Amino acid sequence: MILNIHRFCFLNMIMYREKGNTRRLQIGASIFRQQGANTSLNYVTRVLFCGPHFPDSQNFTREYLQDYPMVQVDDIPLENVSAMIGDYDICVVKDFEMNSDVISCAKNMKLIMQFGVGLDGVDINAATKQGIKVAKIPSGETGNAASCAEMAIYLVLALLRKQHHMEIAVKHKRLGEPIGDTLLGKIVFIMGFGNIGVHLAKRLRPFDVKIIATKRSWRDLCIGINGTNYNYDDLVDERGCHDDILKFASKADIVTCCLPMTTETIGIVNNDFISTMKKGALLINIGRGGVLDYEAVYNNLKLGHLGGLGIDVAWTEPFDPLNPILQLPNVIITPHVAGVTQSSFRYMAKVVGDVALQLHAGKTSYIGIEIVN
């Protein structure tokens, strides 16, 4: 009886945070009478994390929900997902192919959500046909976009300062070499001016670079970052649309890809694109690995046309450390950690936890995520 009273107290007041402001979500008997509400105090809403990597996603979510026994967070071996997914209400995808076969087994699923923004591994059509909502966590407020922008700058600086050569110099006790380069005065092309691109431009400004960027639509005159409104003209020196990417590539000293993976962007950085780039220009990718054409990138690195490659995402992941492209001295790869920071992961874990609590309360619309179907 005492346990049920405790559960009732948990259900009567759920804390969540919306846009940085702490709010109380009042959950009364009327909500539990709504269609689809879980009226039994013994009912447990079950959340399944799918994917073998990024373990802190489920660890932080469990930590956030430790005082809410009505929500259970699990992660299971990949080979067991199809057999067990039918018992879950929410699936959180992370580096996992949520195809139609898996979705067909999700008989009780109400929501599939990505732990982040990239939904290229989810069959949205199959989920829609089965009446399952699909969602992503917008990167603008989670800290994910800011973290990715910082990683892009890290990769740029590491290539300009010749990180691999510096490591060799330290090993052999040589001082004053190699001679690197500076960002000062460089032209940086941000291809894909979404949340990550905006945060990248904001952080590049103090380096005294010229920023050029392409975006499919520039309809909004300004954008908000952490409570501050910026006019696009404050962040970008020259704006273009998708049709301008080759022209902009020819002007840039550094090209940074911040594009999602779609049917239109797969392999968009191909031999034609790279051939238009300046000889010695740097290529950075923090979007999705498939945006770059592997053969085109590898061949142009070997020929010396590309001055360097910095990537946080690869063509297949985990990427083979013995792949020939990684044997080149002007290539730097990081293990898909651009958005993996304490601040961004804890924020996204909180969003997942809050959504699970809202679902448990019988809500049919959710705060903190963007439904895409």
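Computed with a 1.4 Å probe on the full set of protein chains, the accessible area for E317 sits at about 70 Å².
What 222 nm value per residue comes from the helices of the chain, counting each DSSP H run with n ≥ 4 as -39,500 (n - 2.57) and dividing by all residues, nearest 500 deg cm²/dmol?
Values: 14 runs with 120 residues, N = 373.
Taken over the chain, the calculation gives -9000 deg cm²/dmol.
If you bin all the Cα-Cα distances of the chain at 10 Å, starting from zero, the percentages per bin are 5, 22, 28, 22, 14, 6, 2, 0. Taking all protein chains together and a 1.4 Å probe, the residues L157, L204 rank L157, L204 from largest to smallest accessible area. Of the cross-linked pairs K186/K247; K202/K350; K247/K279; K133/K215; K247/K278, those separated by over 22 Å at the C-alpha level are K202/K350; K133/K215. A simple spin-label model places pseudo-atoms 7 Å from Cα toward Cβ; at V337 and E317 they are separated by 1.4 nm. Straight Cα distances below 14 angstrom link K363 to the aspartates and glutamates D89, D354, with same-chain residues fewer than 8 positions distant left out. Using a simple spin-label model with pseudo-atoms 7 Å out from Cα toward Cβ, S365 and L246 lie 4.5 nm apart.
Once a ≥ b ≥ c are taken as the square roots of the eigenvalues of the Cα gyration tensor of segment 234-373, is the result rounded (a/c under 1.5), prolate (a/b larger than b/c) or oblate (a/b not larger than b/c)? Walk me through the intermediate numbers first.
Details: a/c = 2.58, a/b = 1.80, b/c = 1.44.
The shape class here is prolate.
Projected label points at K129 and K110, each 7 Å from Cα along the beta carbon direction, are separated by 2.5 nanometres. Pop out the carbon and sulfur fraction of the accessible area of the chain as a percent, whole number, probe 1.4 Å. Carbon with sulfur: 52 percent of the solvent-accessible area. Could you tell me whether segment 67-121 comes out rounded, prolate or oblate from its Cα gyration tensor? Rule is a ≥ b ≥ c as square roots of the eigenvalues, rounded for a/c under 1.5, then prolate if a/b exceeds b/c, otherwise oblate. Note, shape of segment 67-121 comes out oblate. Under 8 Å for C-alpha pairs, at least 6 residues apart: give me the relative contact order for the chain, rounded to a whole percent. Computed over the chain, the figure is 19 percent. Heavy-atom accessible area for E63, with the other protein chains in place and a 1.4 Å probe, reaches approximately 90 Å². Of the peptides 75-85, 286-296, 190-200, the order by per-residue mean of other Cβ atoms within 10 Å, starting with the highest, comes out as 190-200, 286-296, 75-85.
Taking only protein heavy atoms into account and a 1.4 Å probe, give the accessible area per residue of segment 276-373 in Å².
Numbers: 3790 Å² over 98 residues.
Accessible area per residue, segment 276-373: 39 Å².
The values are calculated or read from the model by the stated rules, or taken from the named source; none is laboratory data. Everything quoted here is computed from the prediction, not taken from an experiment. For neighbour counting, all protein chains shown are included, and Cβ atoms are generated from backbone atoms with ideal geometry for every residue, glycine included. Calculation scope for accessible area: heavy atoms of the full protein, side chains included, ligands and nucleic acids excluded. Shrake-Rupley method; radii C 1.70, N 1.55, O 1.52, S 1.80 Å.
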